[in-house]
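The values are calculated or read from the model by the stated rules, or taken from the named source; none is laboratory data. What you see is a predicted model; the values in this text were computed from it and never measured. As a convention, Cβ positions derive from the backbone with ideal geometry for all residues, glycine included, and neighbour counts pool all protein chains shown.
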Amino acid sequence: MEAKMRISRDYRISEIDKRIYGSFVEHMGRCVYEGIYEPQHETADEQGFRDDVKDLVAELNVPLLRYPGGNFLSGYNWEDGIGPRENRPRRLDLAWKTIETNEVGLHEFIEWAEEVNSEVNMAVNLGTGTIDDARRIVEYCNFPGGTELSELRKKNGREKPFAIKTWSLGNEMDGPWQIGQKTAEDYGKLAAQAGKLMKLVDDSIELVLCGSSSTEMPTFASWEAEVLDQAYEYVDYISLHRYYGNQENDLSNYLAKSLDMDFFIKSVTAIADYIKAKKKSDKTINLSFDEWNVWYHSNEETHNTEPWQVAPPILQDIYNFEDALLVGCLLITLLKNSDRVKIACLAQLVNVIAPIMTEKDGKAWKQTIFYPFQQVSDFGRGIALTPNVHVASYDSKDFKEVPYLESIAVLNEEQQELVIFAVNRSESEVINFEALISEINVTSVIEFSQMSGFGIKDINDKDCERVYPTISEAIALVDDKVQATLEPLSWNVIRLSIA
Ligand code: AHR
C-alpha cells in the first residue's frame, strides 16, 4: 500500500503546550505506596521514594502530574497530609475502599515531582470539600508569607511558595460513583465560586473545570454546556476523560478507537465555543484531556480484591503490543488537536493503568506503552503540522473510513528537527510511505525507530522486556522526499535534521 504525506511550514496547527505530555498520580492501588514510595526498598531515598522509579519517570519525560486524584480526591482532606508524619491520621478511602495512611502528602509529593522535573496540576476536592478548603490550599501552596497558612507551610519545611500554576476543580462530578456527585448546575455554581476565591488568592493560576467522565455518560454534551454556562468567567480549561479497551478482541476496530477520541475533542471544542458565542466572550476555553489510556485488562482482578487494604493491587493492567499501537494513535490524535488540547494526562503513572510497573522489594520495569509516550514526549516538541495524507482506509465494526496510516509531523526549530510519528494499522500490508517536504530544508535522517514484528499480545514483565523500539534502515532521503517502509502493525518515529 502507498501513503503520501505533504509537509509544509504553512500547515501549522499550533505550538504544542508541553503539558500535553502530562501524567497522573492518584492515591489509589499501588501508585503512591509501593509505586513511587517504598521506604524499605533498597533504592529508597531519605524521604522513602524509590530512586529506580524516579529514574524511569525522568526517562519518560513527564512535564506535568495531576494529583492526588481521581475518585480519591472527592473524599480527601489535604490537611491530613501535612505536618509531622507521626501525627497524620489513617483514614478510610471510600472511593476505592482502601486505607489511606497519609504518609505521603502535599509536601512530599510536590518535592518528589520537582525532582523528576514535573510541575503539579493540583486538584481540589469539590465532592465533600468546600470553597473555603479550595481557597485554603491555594493560600498554603502559593502565598509568599505573613498569613497563618503560608507561615504553616514554612513551619512544615517549605520557605518558598510551591507556585502551582495549574489547578483542577474536582473530579468526574457527573459520575454516580463519585463521592458528592452533583448536577451540572450545582457543580457549575460551586466550581465558579471555588474558582473565584482561588483566583482572588492568586490571579496567576489556571483552572480546569470538570467535563464529562466519558462520551458514554447520559449527560454528555448537556453537562459541558451547563457547567461552562455557570463557570465560564472563572475557568480556563474544561476536562475530558476517556479509557479504551479491546474487550471484543477485534483488532481493526480497537486500533480505530482514536477516532472516538477525536470526536470527543471536536465535540467539546464546539460546545465551549457555543458558550463563548452565547456569552459574547472574547475568552476561549481550551481542553484538558486529563485522563486517557487503555483500561480493561485488570477489571476482574480488581473486582475480586479484598476491601480495606493499604495499597491493594487494583487496576494493574498489563499492556501488550496492540495497546502500544493504540496509545501511539491516541498520542497522534492529541497532537492533531493541539490548537485546543493544551493539557493531557496519561492515566496513571505507576502500577495503576500505568507505563511503569514495580514489584515490592524488587524491580521496576517499562510496559509496552512506555515507549510511544516517551518518544512523543521527547521528540514531539515545537509546532504540530496538519497531516495532509493520502492513504487507503477501511470500515470497522464501529468506525467508518479509518485511514490505514495515522500520522503527524512536528517541527522543532529549536532542536532543528522535523519528526514524523506514524502508526500502520494494517495487519497484513507494508506501507510504502513518502513524505514530500516543502519550505523546510531537510539535510539528513537522524534516526528511524520502529516497533513492529511482535506478537500482538506480547507483553513486557519484570524478567523480560520483549516489546521495545529498534532502529530501522528502511528509509531514504531523495531530494525533498523521505521514503520509508512502515511494517504492518507498526509504531514509527522518523527524525530528520533540518538546516
Ligand atoms: O484513573 C482511575 C480512575 O478513573 C480515576 O480515579 C477516576 O477519575 C476515573 O474514573
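List of remarks:
- When each of 125, 142 is tested for being at pLDDT 95 or above, within 16 Å of the ligand (Cβ to nearest atom) and touching a helix residue (DSSP H, G or I) at 6+ places or on another chain (Cβ under 9 Å), the lone residue that passes is 125.
- Selection status of residue 169, within 16 Å of the ligand (Cβ to nearest atom), crowded, with 20+ Cβ neighbours inside 10 Å and among the hydrophobic types (A, V, I, L, M, F, W, C): yes
- Every condition in (1) among the acidic types (Asp, Glu); (2) buried (at least 16 other Cβ atoms within 10 Å of the Cβ); (3) touching a helix residue (DSSP H, G or I) at 6+ places or on another chain (Cβ under 9 Å) is met by residue 282 except one, and the failing one is (2).
- Single match in 253, 293 (criterion: touching a residue at least 24 places away in the same chain (Cβ under 8 Å), assigned to a strand (DSSP E or B) and closer than 27 Å to residue 428 by Cα): 293
- One residue alone among 198, 217 is modelled with pLDDT of 95 or more and either assigned to a loop (DSSP other than H, G, I, E, B) or within 23 Å of the chain's Cα centre (by Cα) (or both), and that residue is 217.
- Residue check for residue 164: aliphatic (A, V, I, L, M), within 16 Å of the ligand (Cβ to nearest atom), at pLDDT 95 or above and assigned by TED's automatic domain parsing to the domain that holds residue 234: no
- Within the range 285-315, the set of residues being away from the ligand (no atom under 16 Å from the Cβ), surrounded by 14 or more Cβ atoms within 10 Å (Cβ to Cβ) and within 23 Å of residue 355 (Cβ to Cβ) comprises 287 only.
- Odd one out for residue 179, checked against (1) loosely packed, with under 15 Cβ neighbours inside 10 Å; (2) touching a Ser or Thr at 6+ places or on another chain (Cβ under 9 Å); (3) farther than 27 Å from residue 63 by Cβ: (1)
- Taken residue by residue, the range 244-266 has no member that is touching a Gly at 6+ places or on another chain (Cβ under 8 Å) and either on the phi > 0 side of the Ramachandran plot or within 16 Å of the ligand (Cβ to nearest atom) (or both).
- Pick from the range 449-482, criterion without any contact (Cβ under 8 Å) to a residue 24 or more places away in the chain and within 20 Å of residue 375 (Cβ to Cβ), ranking: surrounded by the fewest Cβ atoms within 10 Å (Cβ to Cβ): 470
- The set of residues in the range 66-104 being over 18 Å from residue 170 (Cβ atoms), of a type in the set (A, V, I, L, M) and out of contact with any His (no Cβ under 9 Å at 6 or more places or on another chain) consists of 92, 99.
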